[in-house]
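These notes concern the structure reproduced below.
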Amino acid sequence: LRDLEALRRLPQEYSRAIDARDLDAVAALFDAHAVIDGARGTLGIDEWIGGMRDAGAAFATSMHVLGAPLVDLEPGADIAHMDTYAVVYQLGRADDPNVDLVLGIRYHDDLVRRDGRWLIRHRRAEALWTRDR
Amino acid sequence: LRDLEALRRLPQEYSRAIDARDLDAVAALFDAHAVIDGARGTLGIDEWIGGMRDAGAAFATSMHVLGAPLVDLEPGADIAHMDTYAVVYQLGRADDPNVDLVLGIRYHDDLVRRDGRWLIRHRRAEALWTRDR
Amino acid sequence: LRDLEALRRLPQEYSRAIDARDLDAVAALFDAHAVIDGARGTLGIDEWIGGMRDAGAAFATSMHVLGAPLVDLEPGADIAHMDTYAVVYQLGRADDPNVDLVLGIRYHDDLVRRDGRWLIRHRRAEALWTRDR
């Protein structure tokens, strides 16, 4: 049960970190060898973070609203899986503040416990839909 | 506490099943004698599932984003109540892909534990609002 | 863990109370000396509730969709902090039913346990974004 509580914190910590564009705090939620499958293809965590750092913020404001995760965890295991629905608001595009995007995303995360902390070691970000507002 | 964790999984499993249009997986979350009060009136679970099966998918994509449920459970009881807020995205209407609907719904669920599993035996889906996008 | 479950209920109870405009039920979630920092400035709970009562409902329908809170609680402590993302739908403005507002808000709540119940003693409602629909 304590592990479920710890796991449940992780998506919410991700939201706060990414919305603050605190990329070090984002990276700290992932294993050093983590792999991310998403809009930019399959990338190691360093490449993925570096790409965001280089690109700068594409929108003035972002808000990652994450639902309650569906957690699969065998009692006592050191690996877990989380499946989390997200609605991501990307508001005020850098080159045209009138442009907003809203995206439906489903995060499929494999997690591992290292030194008592849960970390994402593989994330697949499944894009369900995108709409301009 | 374990019951709360089990109950909390249920709305998230419902989302995944209904959004995948896996109607067998949806039905498996309900008691065999479950009753649903919703947009199509008061229906038994078989009628309710059958109606969806016959109608086919009205929209290309759906996403049921469910908030954390408010769970009422007496310690040790075999019945529970859950009250869950949902924003339901129905995107790309079958006959006009430019039409999207977004609905605010509140699910009032009575649940029962059978053979160690929690199942919905009565659902009232309260439509709070509907907007085209 | 029981405290986490009790704390987790609170934002969901807030949603139901405020969306029903049951201002007594809203007030019951706050400490008698609570302070709210929000859109109307810094107000004591009585002033804040009184202001809402006097103003009447500005919109026909509201829905406060709150994500899972990020809870900080030391084991056994009588104070806690919750950080909760919310998307607030304010639909059908009283003076023009065609006007809807959608707001992204982050609630920063300090809580205290009194006689076994958790109450909000300080809330900062951080407005992240506002859009008409």
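Read-outs: derived from the displayed coordinates by stated rules, not from any lab. Everything numeric here is computed off the predicted structure, so don't read it as measured data. Note that we place each Cβ from the backbone using ideal geometry, even for glycine, and neighbour counts take in every protein chain shown.
Note on chain A: dipole from Cβ charges, positive end direction compared against A:56, A:94, A:112; the farthest Cα belongs to A:94.
The label point for residue B:99 and the one for residue A:55, both projected 7 Å from the Cα toward the Cβ, are 3.4 nm apart. Relative to the other identical copies, residue C:43 shows label-point distances of 4.4, 4.4 nm, where the label point lies 7 Å from Cα along the Cβ direction and values run shortest first. Between the alpha-carbon centres of the stretch A:12-43 and the stretch B:63-100 there is a gap of 28 Å.
Here the contact order of the stretch B:1-132, divided by its residue count and restricted to Cα pairs under 8 Å and six or more residues apart, works out to 24 percent.
For the stretch B:85-127, the Cβ-based charge dipole about the Cα centre amounts to some 400 debye (Lys, Arg positive; Asp, Glu negative; other atoms uncharged). Histogrammed with a bin width of 5 Å, the alpha carbon distances of the stretch A:69-133 distribute as 4, 16, 19, 16, 12, 11, 9, 6, 4, 1 percent, first bin at zero.
Where only DSSP H runs of four or more residues are counted, chain C gives -8000 deg cm²/dmol as its mean residue ellipticity at 222 nm, each run worth -39500 (n - 2.57). With neighbour counts taken as other beta-carbon atoms within 10 Å, the residues A:102, C:99, B:87 rank, fewest first, as C:99, A:102, B:87. Within the protein assembly as shown, the proportion of C-alpha pairs whose separation exceeds 36 Å stands at 25%. Helix C:45-55 and the longest principal axis of the C-alpha atoms of chain C enclose an angle of approximately 20°. Among the residues of B:61-73, the average count of other protein chain beta-carbon atoms within 10 Å of the residue beta-carbon is 6.
Between 0 and 90 degrees, rounded to the nearest ten: what's the tilt of helix C:2-19 against the longest Cα principal axis of chain C? Here the helix axis deviates by roughly 20 degrees. Across the stretch C:19-133, the volume of the C-alpha convex hull divided among the residues equals 102 Å³ per residue.
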